[in-house]
Amino acid sequence: MGLRVPQRDFQPAAPYQPPGVLTQFMPKSARWVRSESFDSEMTNGTYSGTFHFDPGTDTVYFDTINPSPAEGSGP
């Protein structure tokens, strides 16, 4: 059963080949979930990205290519 948030359907999904240098910071017992609709909302279709969450440890792992800040999010 995935994490349920209105209008999102989080399902079990492990991050794809995280860089070795980052794996030391990732929880060993993580139960990663991901939502394609959340990915789309975060990237707004302007860059490629996936966002994984481990609800048990409140850990976020994201993998993006050329991310850009959302309009109106900065000073």
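The values are calculated or read from the model by the stated rules, or taken from the named source; none is laboratory data. Computed from a predicted model, the values in this text were never measured in an experiment. Glycine also receives a Cβ, built like all others from the backbone with ideal geometry; neighbour counts cover every protein chain displayed. Quick note on the areas: whole protein, heavy atoms, side chains included, nothing else; ligands and nucleic acids left out. Shrake-Rupley method; radii C 1.70, N 1.55, O 1.52, S 1.80 Å.
Quick notes
- Accessible area per residue, Å², segment 2-67 with all protein chains present, probe 1.4 Å: 71 Å²
- Peptide packing for 9-22, 32-45 was compared via the average number of neighbouring C-beta atoms within 10 Å per residue; ordered from the highest value, the list is 32-45, 9-22.
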